[in-house]
1. Once you have the Kirkwood Rh of region 1096-1139 from its Cα pairs, apply Stokes-Einstein at 10 °C and 1.306 mPa s and quote D in µm²/s.
2. What is the set of long-range amide H partners of residue 329 at a cut-off below 5 Å, with H atoms built 1.01 Å from backbone N?
3. If each residue's Cβ is checked for other Cβ atoms within 10 Å, how do 53, 198 rank with the fewest at the top?
4. Once you put a point 7 Å from the Cα of residue 530 and another 7 Å from the Cα of residue 310, both along the Cβ direction, what distance in nm separates them?
5. Taking the Cβ of residue 868 as the center, what net charge do the other residues with Cβ under 12 Å away carry, scoring Lys and Arg +1 and Asp and Glu -1?
6. Relative to the Cα centre, what is the charge dipole magnitude of the chain, using +1 at the beta carbon of each Lys and Arg, -1 at the beta carbon of each Asp and Glu, and rounding to the nearest 20 debye?
7. Do the sum for the chain: with -39,500 (n - 2.57) for every DSSP H run of n ≥ 4, divided by all residues, what is the mean residue ellipticity at 222 nm, to the nearest 500 deg cm²/dmol?
8. At residue 662 and residue 935, where each label point lies 7 Å from the Cα along Cα→Cβ, what is the point-to-point distance in nanometres?
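Every read-out reported here was derived from the displayed coordinates using simple, explicitly stated rules and does not represent laboratory data. What you are looking at is a predicted structure, and each value in this text was computed from that prediction instead of being measured. Cβ coordinates were reconstructed from backbone atoms using ideal geometry, including for glycine residues, and neighbour counts include every protein chain displayed.
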Amino acid sequence: MKKSFGKTHSVVQLLLILWMTSLIHIAVGDYSATYLPEGESHFISFPHTSEIRLYEATLLQTNATNGFQVVLQNLRIYDDDSKVQIGTGNDPSDIRSVITTIRGHTHDALDHVYVDNNEMWFAAIGSGLDHGVGITAIDLLNFFPCLGSIMNVSVTLVCDGYYDCDNYEDESSCNYSATYLPEGESHFISLPDTSEIRLYEATLLQTNASNGFRVVFQNVRLSDDSIVQIGTGNDPSDIQSVITTIHGYTHYAPDHVYVDNNEMWFAAIGPGQDSYFRMGVGIAAIDLLNFFPCLGSIMNVSVTLVCDGYYDCDNYEDESSCNYSATYLQKGGSHFISLPTTTTTRLYIATLLQTNATNGFRVVFQDVPYLENDDNIVQIGIGNDPSDIQSVIITIHGYTRYAPDDVYVYNNEMWIAAIGAKSDSELKMDVEIISIDLSTLLACSGSKMIVLPTLLCDGLYHCDHYEDELACNYSATYLEVGESYFINMYSYERLYNVTLLQTNAMKGFRVFFQDFLLYSDAEVKIGTGNDPSDNQSVITTIHGSVPYAYDVYVDTNEMWFVAKGGKDKSPVVLDVEIISIKLSAFFYCSSSNMSVSPTVLCDGLYQCDHYEDESACDYSSTYLEEGESYFIYKPISTFNSRSYKVTLLQTNAMKGFRVVYQHSSYYFHGKAMLGTGNDPSDSQSVITIFNKDTNYDQDVYVNTNEMWFAVIGTKSTLSRFDIDVEIISIDLSTFFYCSSSNISVSTTVLCDGLYHCDHFEDESACNNLATYLQKGESHFINIPLTRTSRWFNASLVQTSTMYGFRIAFQYMDLSYDDEVQIGTGNDPSDIQSVTTTIHGAIDYAPDDVYVGTNEMWFAVIGGKSYSRLQVEAEIIPFDLSIDCSGSNPCQNGGTCEDNACTCVAGFNGVVCSTVDCSGSNPCRNGGTCKNNACKCAARFNGALCGTVDCSGSNPCRNGGTCENNACTCAAGFDGALCGTVDCSGSNPCRNGGTCKNNACKCPARFNGALCSTVACSRRHPCRNGGTCENNACTCAAGFDGALCGTVDCSGSNPCRNGGTCKNNACKCPARFNGALCSTVACSRRHPCRNGGTCKKKACKCAAGFNGDLCSTVDCSGSNPCRNGGTCENNACTCAAGFDGALCSTVDCSGSNPCRNGGVCENNACTCAAGFDGALCNQGM
């Protein structure tokens, strides 16, 4: 124990002293307890009252084996901050004893509350309370504990078909008998129309070990909160076993559900109110081998439906993975697909094509594909497997009513699939697919497209990124100075027109748009140099739908001009003159990439985007004597776009300016700028910018004897102005400068109770007189309701040296922008002195505020534009010294003696408010002590880490709930985090387990904290890579459950290859399977690639390859890439002249890589006599 003395106190210590002194006696008052024998009741009747800060507590006791049932017969809590608390024990001040808190606004009779203790307390706190409560002493053995809540229900209600626990525990954990179904037999569940609330009907089914179940919904109607749950095993209370939940509002028969287990349960659960339920279900025991699993969902379909041309799996797996035969096309050969208009739903038609190794395909849509519904699609992919989503190169969605561009497939195998929607389908298609020689085609590097060489450089782009036009060998036109080049065009879609121009070294160009019209995604680009493909050379881009184009100046002797049409029918109308000019005769816009003719300088219309051609002009100034005014008046009128009007003003050296906006309106488009000095081009001189959204109710003061004012129109649209401004020369000595903003205010308005500076400087720095308070005196602040905006009322209060202050609020009403500030000292302008700020909106009396110094200030501040405030408060001096004669001021369990605190172990300080790190570690639950404070382990907080942190995810284990910084443990558990088994009462261990030393000893085959889960063994092995140790499974990442049989969806998505995690299972995309969508099984349909061999549905890859189907290069060991290739990111980057997965073949697709006269054919060089090597680069 430590005894600590001291005469100085920190603010925090003082506040804690005051709080303990003034408030703690409320909750630790001398309440007497009422004793209730079993069966007797105590009634608490509280008529409606509006008394504020009310606290009424009731303590009850019963015999040692009993508890209490609290029946809230009539409870109304009108105020948000009022509440009712119920706790165990006999100390309402112990926040850890609180088991439930009921807050306002509450106007209903709530569920009963059960107290599992023979002592309890009930407290009504706040104002606006009206309640009637009956509390009865009960035998807890006659009640069933609802593990998921604080409820208990009578054992007579357990397993009666109607749940009383909110999470159904009183019904789901019943000992239901299972019905056994031989293969092929069915069990029918028929639930006629019912509106019974809290209905719970569970059915358990079994079949033989190799079978499962198909659940067929024949007729289902569920109201909003009704649900149907289906799970594996025989325990409906095991939420881990749920495989699907069907929620109301449902008026249709859901898809069939397949249960891949020989035990299942089915539960129909009605809502707590407004129930409506109707259902007819047939559940059949099936041989799972006769069903095809839809890997992307929980569906299975009969094998008789697989490959019938109509998909039953939502992701087409039953059709896309069929063994389709391929049609072989010779070079130049065609295959036609003609699909007349059909409204057949779920249609799936796939076509596979092959050609020789050096060829590919061109897909030509001859007739417009008509895809009426968004869900109708056409997919095209490479290879021979439509189920491989990685092979898809393009998907055409409905609604489509035009012929898409030709599609080129750069592979000698391809597939195309027409897929009808699930409902409301309508589609037709007429397609020709042609085998083409790939070596004659250009691959579009920025997309998956390919174009014919006959289309290169034809003035129409076919690659989406113009690659077929960009790299062309364009010739340049030379212009002498003063000569012009004219571009005149009217064209439509996919236009790509390039113009290159040159002039002599000292010249440049002016681009003059005489006529201009661009639509949609059409655009014009202008750049320097001679390479339109160089994005760095672009100086301006003019996009479609812009109704204007200004002259552009190019400050180099080479330039290019590109007119690009849109992909759709987008007109391009241009009439352009490009003139070679002498650059020295033009003005350069320093802040943009432009030059302008000197003839347009200072003409009142800016051409440079940042006004340089107008702002740097030699404007004359108007001189104003003190008191004289200058008026800028622009009534509503139309000005040209890009207008620029400047006014310069001067006054004598000791003067400045006041700018008064007498009128402005929303017609003002563009902006006005105001600055100091005489140079509008100096961006550093700008002090304010006004636009059409600026509030003009405040004058602007310029604190220099020179200023400028500019009115600037918009670049594009016609500018409309409505401005009426008066600028007055003023004596600055008669004005107060607002230090925190760029304005000044007249000294006549200082300290008038209304602030004009945005940060209150004109009011907060006033020389206010302080009120001195003796012990026992009070100062009252009573501000009646006022709606005066910019209100500022400050009070200064002093008292003797050893005292501080308590501010007790009787009432407060603040609108959103109103606030109250409280600070130490005597200077409200000192923002460092602020200790408390109370913001609106508020309409109640806040908690008391304590100030631990003998000087303080209190300011009431109204909003700038709207205010509604009323404040009633009492400021009371408070003795800061420790006094043991009254209630104990010592904190954290300290005792008060001889006007000093004796602290318990772990604390020190004047009032035992700081943690003592000097000795052994006082911090609990794994906390560490440093700098006189505990750093708590995860899940704990409090001064000594003794309380549970309920602010984040629930830290309480084994079904415990976290509230009021403590865990309320489920039945059978105990400990700070409910981590230990409670052996003190009846045996909580299930399935024959015994309880000893706060742990359950489980019989064979069971484990878990309460022996409630199946133990792993050779008979029940851990699944999905889990390991079994000490009869418990340690699951691999991504899995959960007693035997690791379910996917863990609680954290990051464990499903791979694009799978989604829902209801503890992965929904895999087509072609992938496995619990985590991580495997692709090899087969005749999915052969191993790159020389790999398939054995037991797994690929054994050839050297240099890896992956499920050996489709990726193995860069993990020595470099497998040949002929100088490099290996990175599971792929080879081949040296020039080589191709193939491992760079083992010669690339004959471009220029001839074979040297010394060699000929390239069939991906190999045929060398001339005397030469050898892959590229004929070695002499023989």
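1. Working: Rh = 11.1 Å.
So the translational diffusion coefficient is about 144 µm²/s.
2. 354, 355
3. Working: 53 13, 198 18.
Going from least to most buried by this count: 53, 198.
4. Placing both labels 7 Å beyond Cα along the Cβ direction yields 6.7 nm.
5. Details: positive: 787; negative: 813, 817, 818, 843.
Charge balance in the 12 Å sphere: -3.
6. Working: 67 positive and 131 negative charges, 763 e Å.
In debye, rounded to 20, the chain gives about 3660.
7. Numbers: 6 runs with 37 residues, N = 1180.
Value at 222 nm, helices only: -500 deg cm²/dmol.
8. About 6.7 nm, to one decimal.
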